[in-house]
Amino acid sequence: MALLNCQFYSEVLNLSTSMTVILPQQTSSQIGMQNKITGAKHQTLYLLHGLSDDDTIWTRRTSIERYVAPLGLAVVMPQVHRSFYTDMKYGSKYWTFLTEELPSIARSFFPLSDKREDNFAAGLSMGGYGAFKWALNRPDQISAAASLSGVTDIVSHVKRPKTQDVFHLIYGDEPISGTEHDLFSLVEKTHENKPKPLLYQCCGTEDFLYEDNLRFKEVCEKTNYHLTAEFGPGDHEWGYWDKAIQDVLAWLPLRTK
């Protein structure tokens with residue numbers, strides 16, 4: 001595998017930013033690693049960080065590079081600060097950056113597939129919210145998405161005292177319920193004639209977001225939306241996410257050739 005820290009300029013954000021990228025590399029003599037490449041253009045996982053982290057965090061806290069090596073899967077990890085993957089009311093347009101500019105730039109730099117079936121999103125906490133928001137709003141871009149201990153009930157989450165200042169910068173005083181930011185509403189509005197992304201959800205039973213995740217699962221069940229859900233012992237911490245991301249990779253509908 002190749003691990004790259006990529007510094008580049010974003011026209012949407014009007015600033016220099018970064019992404020950490022893992023690219024498949026076919027090797028035969030690398031000790032302790034099984035690397036392979038599948039296809040000329042790589043399947044891609046956009047792996048999103050949480051509120052207190054940045055684009056380097058997945059490589060620092062997990063063995064994601066080692067986990068994807070035998071899969072021939074590229075991983076793109078962008079930097080979005082504390083934006084909740086949203087075009088902020090008082091800040092930068094991180095939703096437009098994520099869904100429009102980032103894939104275009106990444107594909108201009110690296111041999112990444114632009115086919116819907118080859119593109120996936122996943123993330124933890126704030127990043128889990130971002131992954132589901134992306135897939136549900138733009139199912140033409142993302143075929144499968146996974147939320148690890150994700151913020152699934154954004155309407156309730158913005159009312160938590162510790163995050164109210166953050167959300168004022170993101171949403172201002174605008175309502176969230178029923179909008180493109182509301183995952184519950186997005187699931188309920190999904191129509192049969194549109195492509196539905198596969199969804200995977202996991203959360204630890206000791207996590208402060210556990211009840212919110214249960215409610216999201218219930219909404220999916222009521223609307224007959226196919227969701228793979230895994231709940232079990234665990235808290236909001238990296239030991240849980242290091243294990244969970246391996247389960248996500250095993251769940252993704254990856255091609256083998």
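Any read-out appearing in this document is the output of simple, stated calculations on the displayed coordinates, not a laboratory observation. All of these numbers come straight from a predicted model, not from anything done at the bench. Cβ atoms come from the backbone with ideal geometry, glycine included; neighbour counts cover every protein chain shown.
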Only helices counted: for the chain, with every DSSP H run of 4 or more residues adding -39500 (n - 2.57) and the sum spread over all residues, [θ] at 222 nm is -8000 deg cm²/dmol
A correct Karplus calculation of ³J(HN,Hα) over the range 83-92, with 6.51 cos²θ - 1.76 cosθ + 1.60, θ = phi - 60°, whole Hz and x for Gly and Pro, returns 9, 6, 6, 9, 6, 6, 5, 10, x, 9
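Give, as a single signed number, the net charge of other residues whose beta carbon lies under 13 Å from the beta carbon of Lys159, with Lys and Arg counted +1 and Asp and Glu -1. Please report the intermediate quantities before stating the final value.
Working: positive: Arg160, Lys162; negative: Asp153, Asp165, Asp212.
Computed value for this residue: -1.
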Per GNM of the chain with C-alpha springs under 10 angstrom, the most fluctuating residue out of Gly204, Gly39, Gly128 is Gly39
For the range 61-78, in residue order, the Karplus 3J(HN,Hα) values (coefficients 6.51, -1.76, 1.60; θ = phi - 60°; whole Hz; Gly and Pro = x) are 9, 9, 9, 4, 4, 5, 5, 8, 3, x, 9, x, 10, 7, 10, 10, 10, x
Measuring from the lowest to the highest alpha carbon on each principal axis, how far does the chain reach, largest first, in angstroms? 55, 41, 38
Taking Lys133 as the anchor, which aspartates and glutamates have their alpha carbon closer than 16 Å to its alpha carbon, excluding any fewer than eight residues away along the same chain? Asp87, Glu100, Asp153, Glu180, Asp182, Glu188, Asp212
Which of Leu3, Thr56, Tyr210, positive extreme of dipole for the range 2-251 (C-beta unit charges): Leu3
Stokes-Einstein D in µm²/s, Kirkwood radius over Cα pairs - the range 64-174 at 37 °C with 0.692 mPa s viscosity: 219 µm²/s
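Excluding Ile22 itself, what net charge comes from residues whose Cβ is under 12 Å from its Cβ, given Lys and Arg +1 and Asp and Glu -1? Mind dumping the intermediate values first?
Working: positive: Arg66; negative: Asp55, Glu65.
That sum, taken over residues with Cβ under 12 Å, equals -1.
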Pairwise label distance in nanometres, Asp173 with Thr205, each label 7 Å out on the Cα-Cβ vector: 4.4 nm
How do Tyr67, Tyr85, Tyr90 rank when sorted from fewest to most other Cβ atoms within 10 Å of their own Cβ? Tyr90, Tyr67, Tyr85
Going by Cα centres, the range 115-135 and the range 48-63 are how many Å apart? 15 Å
Tell me the net charge near Leu186. Cut-off is 13 Å between Cβ atoms, Leu186 excluded, with +1 for each Lys or Arg and -1 for each Asp or Glu. +1
Report ³J(HN,Hα) in whole Hz for each residue of the range 30-36, in order, from the Karplus equation J = 6.51 cos²θ - 1.76 cosθ + 1.60 where θ = phi - 60°; Gly and Pro get x. 6, 5, x, 10, 10, 9, 7
Using the 10 angstrom Cβ neighbour count as an exposure proxy, how do Leu51, Leu148 rank, fewest first? Leu51, Leu148
